[in-house]
Each structure stands twice: as C-alpha cells, then as structure tokens.
Amino acid sequence: MGRLFERLKSGNFEERMLARRISQTIEKIRMFPNRSPHIPNELWPDEYKEKYHITNLWKRDLGGDWRLIYTIDSNAIEVVSIILEWMDHKHYNRKFRYEN
C-alpha cells in the first residue's frame, strides 16, 4: 500500500492502531466493495478527477476521527478497489467542502 502505510505500521501506538483499522477496512472492502457510503459526484475534489480519472467514489469510516476514500475500477476480468487516501475528519470536511 505504500511507504506512508508502512510508516504507520511501525509508528507510535495511535499510528499502529490506525494502520490496523485500515487493514481491517481493506478486508471488508475486498468482500463488499460497494457497501460503503457513495460520495455524490458534485462533492468529488477536482484533484481526484484530474489525477485518478475516477468514475465513482466511496468512503469508509475508520473509527475515531478517520476516513478512508476509495474508488472501484473494473475490466472484463476483475473488479479492483483502489485506496486513494485516508484522512482525519477535519481534512475530510475541507476536501469535500463540508466546511471552509
């Protein structure tokens, strides 16, 4: 999943707990990718549209004050959930324009 996730896994207690919640959430997404709250198109950050060319966007609460954002992509053979980012609630509210 990347260097940032690896740093979480070896970080302080709170970071390790967040890494554990992310891992557990990924397993849930693997089993049921579209059973999360769908984020309406009008809230999608331009950054995601431009960088990832998303056609759908989902979120999962990680517990505490954390959210995980992902998209689902597919072809004729497989469906893939792509983790875009995890963030605290304050960053989530700003990114999705729930507050200024």
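The values are calculated or read from the model by the stated rules, or taken from the named source; none is laboratory data. Keep in mind the model is a prediction, meaning the values are calculated, not measured. Reconstructed Cβ throughout: ideal geometry from the backbone, glycine too, with neighbour counts over all protein chains shown. Accessible surface areas use protein heavy atoms only, side chains included; no ligands, DNA or RNA. Shrake-Rupley method; radii C 1.70, N 1.55, O 1.52, S 1.80 Å.
Would you mind calculating the gained length between K9 and I82 on full extension (0.36 nm times residue separation, minus the Cα-Cα distance), in nm to one decimal?
Numbers: separation 73, 0.36 × 73 = 26.28 nm, distance 1.95 nm.
Here the segment from K9 to I82 would lengthen by 24.3 nm.
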If exposed trypsin sites (Lys or Arg not before Pro) are those in a DSSP loop with at most 16 other Cβ within 10 Å, what is the longest stretch of the chain that has none? 36-96
Residue by residue, what Karplus-based ³J(HN,Hα) values in Hz, rounded to whole numbers, does segment 53-60 have, using 6.51, -1.76 and 1.60 with θ = phi - 60° and x for Gly and Pro? 6, 5, 10, 7, 8, 10, 9, 10
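Note down the magnitude of the dipole of the chain about its Cα centre, charges +1 on Lys and Arg C-beta and -1 on Asp and Glu C-beta and zero elsewhere, to the nearest 20 debye.
Values: 18 positive and 15 negative charges, 56 e Å.
With only Lys, Arg, Asp and Glu charged at Cβ, the dipole is about 260 debye.
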Using θ = phi - 60° and the Karplus relation 6.51 cos²θ - 1.76 cosθ + 1.60, list the HN-Hα couplings for segment 9-21 in order, rounded to whole Hz, with x at every Gly or Pro. 4, 10, x, 6, 4, 4, 5, 5, 5, 5, 4, 5, 5
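Carbon and sulfur atoms: what percent of the 1.4 Å accessible area of the chain do they account for? Write down the numbers at each step before the final one.
Values: 3320 of 6760 Å².
Exposed carbon and sulfur together represent 49 percent of the surface.
Given the C-alpha atoms of the chain, compute the convex hull and give its volume per residue in Å³. Before the final figure, lay out the partial values.
Working: hull volume 11.2 nm³, N = 100.
Output value, Cα hull per residue: 112 Å³.
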Å² of accessible area per residue within the chain, as computed with a 1.4 Å probe and no ligands counted: 68
